[in-house]
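Peer 1: The structure is given below, and queries will be raised subsequently.
The values are calculated or read from the model by the stated rules, or taken from the named source; none is laboratory data. Since the model is a prediction, treat every value here as computed from it, not as a measurement. Cβ atoms come from the backbone with ideal geometry, glycine included; neighbour counts cover every protein chain shown.
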Amino acid sequence: MKPLQNPVIFCLFYASVFCALAQNADKTASKAETPIPSYTLEFGKPQKTALGGSGTVMSAMHTCGEDGTIFLEVRDNQSDGMGLMALHSLDSTGQSIRFSPGHLQGYTDTISQPVRFFASEARVVALVYATPVKTHISDSTPDQVKLALIYDRKGTLQKAVRLPEEDLEVITVGLYDSGNLLAIGADNRDHSARLLVVDENGETIREIRLFDEDYNLRKNAKEDQMLSTVIQNKSGALQMIQIIPHGQNLLLIPVYTRQPIIEVNEHGIVRTYPLQMPDGFFLGEPLSIGRQGWSFETSGGGFKEPKENEPPPKMFAIKPGPVLVFNPYDGVVLRKIDKPADSPKAVLVCEQDGEYTAVTTDHTDGSLELLKASIPR
């Protein structure tokens, strides 16, 4: 609405109406300018875990279960000479479970470390590369295929599902309560996004269309990604999709972008959640999807948005941002939370009931430690 150019020309009859509207506008502006509640975490004493050792390496991937259990990849003392990482869970007490593929019938033992993983209340899925065993000695070595390894939460492998391959590069997977998988990938022909619902035998039940929200083909899909200059892959924004459970449905979270979150059930798109990201920030790893709000780390602190018709910078420093808690229904930021300045190497991995958990490494023996901090609800 444009401001009135010359309000004095209005008669007295309209003066009272104008004043009422002005008062409402003042109230609206006051409400809009209400500062966002801000907190700074204060971590307590580190809690030792059973993971880690000399030269411990933890991958950047992690996810937080609905019960506060953390899932992460660590190169541990059981890893082979190639230094592969293994998927582990860590509960609130620091006890861990290792999710090992073991020997898979019909495949060689050179199973890759998980390239992506998913955790629900009851099961865990790891996406891995595997090489089928040659059926005849004279045969050439088969190409690698992608498997979804389905575990229970105690680390017992229940099923290995070979994922569709024809004209498709599967990038990440999720699991519905029914046991059907959601496989997301890029079409090898035009790099468009494809969502397939796959049964436990690897057969495609249906394909879900992404209406106009194609993470690869939409305008500025790659330019909107912080890591677009790092990931040299034509699958583009799909590389950033993280899948987490949301009731009976799944949320597709485009990490390191400013694109909306999409909720999907086994039959199609349910809704989208366009969060109101502050200028200069990008969505980071999800820490919780709870009733009191959705908590996410952010990145891009200090990044300046390009002006209209101005191309985005090709390179810029990726700086950590604060944790932001959103109201998913209107996308508004409810709370802002900063990490303490004296814990720069602590990696926030989870939030549950107002308690935030970070992982760090003991500099003396390399073991992983948990740090806890709480904020008012």
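Peer 1: Which of the residues spanning the stretch 325-340 are surrounded by 14 or more Cβ atoms within 10 Å (Cβ to Cβ) and either touching a Ser or Thr at 6+ places or on another chain (Cβ under 7 Å) or outside any loop (DSSP other than H, G, I, E, B) (or both)?
Peer 2: 325, 326, 333, 334, 335, 336, 337, 340
Peer 1: Pairs please, first residue from the stretch 167-186 and closer than 10 Å to residue 250 by Cα and touching a residue at least 12 places away in the same chain (Cβ under 8 Å), second anywhere and of a type in the set (Gly, Ala, Ser) and surrounded by fewer than 23 Cβ atoms within 10 Å (Cβ to Cβ), Cβ atoms under 7 Å, 6+ apart in sequence or on different chains.
Peer 2: Every condition considered, the pairs that remain are 175/120.
Peer 1: Could we say that residue 65 is modelled with pLDDT of 90 or more, in contact with a strand residue (DSSP E or B) (Cβ under 7 Å, 6 or more places away or on another chain) and of a type outside the set (A, V, I, L, M) here?
Peer 2: Spelling it out, residue 65 is indeed modelled with pLDDT of 90 or more, in contact with a strand residue (DSSP E or B) (Cβ under 7 Å, 6 or more places away or on another chain) and of a type outside the set (A, V, I, L, M).
Peer 1: Could you tell me how many of the residues in the stretch 237-292 are among the charged types (D, E, K, R) and in a strand (DSSP E or B)?
Peer 2: Residues that pass the stated criteria total 3.
Peer 1: So in the stretch 123-145, with the set limited to residues that are touching a Phe, Trp or Tyr at 6+ places or on another chain (Cβ under 6 Å) and under 23 Å from residue 71 (Cα atoms), which one is modelled with the lowest pLDDT?
Peer 2: 130
Peer 1: Just to be sure I understand, how many residues within the stretch 354-371 are closer than 21 Å to residue 294 by Cα and either acidic (Asp, Glu) or loosely packed, with under 14 Cβ neighbours inside 10 Å (or both)?
Peer 2: Number satisfying all stated conditions: 1.
Peer 1: Hey, among the residues in the stretch 260-311 that are modelled with pLDDT under 85 and buried (at least 18 other Cβ atoms within 10 Å of the Cβ), which one's nearest to the chain's Cα centre (by Cα)?
Peer 2: Once the filter is applied, the top-ranked residue is 300.
Peer 1: Pairs needed: first member in the stretch 197-218, farther than 13 Å from residue 268 by Cα and crowded, with 16+ Cβ neighbours inside 10 Å; second member anywhere, of a type outside the set (A, V, I, L, M) and at pLDDT below 65; C-beta distance under 6 Å; at least 6 residues apart or different chains.
Peer 2: 216/236
Peer 1: Across the stretch 156-198, what is the number of residues that are more than 22 Å from the chain's Cα centre (by Cα) and either among the polar types (S, T, N, Q) or in a loop (DSSP other than H, G, I, E, B) (or both)?
Peer 2: 10
Peer 1: Next up: Just for the stretch 219-259: of the residues that are surrounded by 18 or more Cβ atoms within 10 Å (Cβ to Cβ) and small (Gly, Ala, Ser), which one is modelled with the highest pLDDT?
Peer 2: 237
Peer 1: Of everything in the stretch 170-193, what is of a type outside the set (A, V, I, L, M, F, W, C) and either more than 23 Å from residue 247 (Cα to Cα) or in contact with a helix residue (DSSP H, G or I) (Cβ under 9 Å, 6 or more places away or on another chain) (or both)? Give them in sequence order.
Peer 2: Hits for the stretch 170-193 are 172, 185, 187, 188, 189, 190, 191, 192.
Peer 1: Please determine whether any residue of the stretch 137-153 is outside any loop (DSSP other than H, G, I, E, B), more than 20 Å from the chain's Cα centre (by Cα), exposed (fewer than 15 other Cβ atoms within 10 Å of the Cβ) and not hydroxyl-bearing (Ser, Thr, Tyr).
Peer 2: There is at least one residue in the stretch 137-153 that is outside any loop (DSSP other than H, G, I, E, B), more than 20 Å from the chain's Cα centre (by Cα), exposed (fewer than 15 other Cβ atoms within 10 Å of the Cβ) and not hydroxyl-bearing (Ser, Thr, Tyr).
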